[in-house]
Structure formats: C-alpha cells, structure tokens
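Worksheet: one structure, shown below.
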Amino acid sequence: MPKVVKTLLKYEAGEQLVKEKRKYKRKYISIDVEYDISSDQKWLESKSMNISSGGICLITKEPMHIGKIFDMKFRIPDSDKLIKVAGKIIWNEKCHEKDGEGYYNGIQFTRIHNEDRMLISKFIDSGTFEKK
C-alpha cells in the first residue's frame, strides 16, 4: 500500500489498527476472489489483502494494468451471498516479503449493488478480524 495513504499504528492480538485518509473503513482479511480481467469469462483466482465497501486490495502474481475495469465475484465470511462487482485498478505495488512474491493491486468498486455495499460495511463494522 502506498505509504502516503496510511500510517500503521500498532498490531494488537492479530488486529491491525490503522489511521487512514480514506473514505471507507477497511478490514484486513484474506478472501477468495475470482476475477475476469479479459472480459471473456476466463475467471482467475486471487486472495484479498483487505476489503472496504468502496474497494478491495488483491494480491496477484503480476501487476494489473492501472485504469483497467473488470468483473469480480466473492463471498465475505459468514455469508452465502455471492457478491458481484466491477472495479477499476487504481494502484499497484510489489508485495512485502511477509506476503510472498507478487503484487498488491488497489481496486475501486465502479459497479456494486447498494445491498452488497451495506453487507460489506456491516461485515467491516462487526469487529472480527482474521488472525494471520
């Protein structure tokens, strides 16, 4: 993640507390995400690093092309609902050593149903975090 965007304050019992200059709160969690970057229904798989009701950060082997808009689908924990969204790649950066090789890709949702945005928001506000 770009260092100018956030300052990591501390880690407590697996929870990451972050001071951010962002519109949406986010939760650091690994979620399985399928995405179709080519628009030809050839779905690829990835993991998230974090999610907010405004976007998601995916970890991929190669950097995604900034500005590209594509479809994604995923389920948040404790929900059977498949969330289908479109997103635009806003930034990417090489992964930190602890996350292995690959790239972080910051994606802003460009198409999301309001009920899905509310479901993600409720999940983020639930106060539960995945321990790594």
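The values are calculated or read from the model by the stated rules, or taken from the named source; none is laboratory data. Keep in mind that what you see is a predicted model, and the values were worked out from it rather than measured. Methodologically, a virtual Cβ is constructed for each residue, glycine included, from the backbone with ideal geometry; neighbour enumeration extends over all protein chains shown.
Summary table below
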| item | result |
| --- | --- |
| Filtered residues of segment 104-121 (kept if β-branched (Val, Ile, Thr) and assigned to a loop (DSSP other than H, G, I, E, B)) | Ile112 |
| Some residue of segment 34-43 being hydrophobic (A, V, I, L, M, F, W, C), surrounded by 15 or more Cβ atoms within 10 Å (Cβ to Cβ) and under 15 Å from the mean Cα position of the chain (by Cα) | no |
| Some residue of segment 73-82 being modelled with pLDDT of 95 or more, under 16 Å from Met118 (Cα atoms) and not charged (D, E, K, R) | yes |
| Residue in segment 89-103 that is part of a strand (DSSP E or B) and within 20 Å of Phe123 (Cα to Cα) present | no |
| So Ser39, is it among the small types (Gly, Ala, Ser), modelled with pLDDT of 95 or more and touching a strand residue (DSSP E or B) at 6+ places or on another chain (Cβ under 9 Å) | no |
| Matching entry among Asp125, Asp78 (being out of contact with any Ser or Thr (no Cβ under 6 Å at 6 or more places or on another chain) and under 16 Å from Tyr24 (Cβ atoms)) | Asp125 |
